[in-house]
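Rule-based calculations on the coordinates, nothing more; no lab input. None of these values were measured; they are calculated from a predicted model. As a convention, Cβ positions derive from the backbone with ideal geometry for all residues, glycine included, and neighbour counts pool all protein chains shown.
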Amino acid sequence: MKISTKGRYGLTIMMELAARTGEGPTSLKSIAERNQLSEHYLEQLIAPLRNAGLVKSIRGAYGGYILAGDPATVTAGDVIRVLEGPISPVDFTEEDDPAKRDLWLRIRDGIADVLDSTTLKDLITFQDQEKKDSYMFYI
């Protein structure tokens, strides 16, 4: 299964909002600038996330978006399914060889398990730890 830019950028949006939980709304412009992404493209991705109830929009001069739930309860699987559709590495039918079908099902279930057991809080905690563990060398 290959995750497209929709899924990757959607996770970026969600991680940014999760990292700023409790700080008020965050604009897509600021997310786009921090991550060097197209604001226009992020606008296309935020609508399905809002329609799915994962984010809330706040209107006004200081408006933007906030995470609709707790970062510890929203999973990567929630985001990927909204933006990419069902998780399946390959299309198969009931007529396929049972051994191959079993393999595809196990792969699908393994991917789903990882995505569904990884929360936004896990992702931002890992990201913060990576920043702390990185070293700066000067010559």
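Loop-only check: which GluC sites (Glu not before Pro) in the range 76-113 are DSSP coil with at most 10 other Cβ within 10 angstrom? Present the calculation step by step, with values, prior to reporting the outcome.
Working: sites: Glu84, Glu94, Glu95; in loops: Glu94, Glu95.
When the GluC sites (Glu not before Pro) of the range 76-113 are filtered for loop state and at most 10 Cβ neighbours within 10 Å, Glu94, Glu95 remain.
Which of Asp116, Asp91, Asp109 has the fewest other C-beta atoms within 10 Å, and how do the rest follow up to the most? Please report the intermediate quantities before stating the final value.
On the way: Asp116 15, Asp91 7, Asp109 11.
Exposure proxy ranking, most exposed first: Asp91, Asp109, Asp116.
Positive end of the dipole of the chain (Cβ unit charges, origin at the Cα centre): among Leu123, Leu103, Val55, the Cα lying farthest that way belongs to Val55. Across Ala68, Ala47, Ala18, mean-square fluctuation computed from a Gaussian network of the chain (C-alpha pairs under 10 Å connected) peaks at Ala47.
Among the chymotrypsin sites (Phe, Trp or Tyr not before Pro) in the range 34-83, those located in a DSSP loop and surrounded by at most 11 other Cβ atoms within 10 Å of their own Cβ are Tyr62. With the simple model of a label 7 Å out from the Cα in the direction of the Cβ, Lys29 to Gln44 spans 2.1 nm.
Which of the DSSP-defined H helices in the chain satisfy a minimum axial length of 24 Å, computed from C-alpha atoms, and a minimum mean Kyte-Doolittle hydropathy of -0.5?
98-116
Between Gln36 and Gln127, the modelled labels are 1.6 nm apart [label points 7 Å from Cα along Cα→Cβ].
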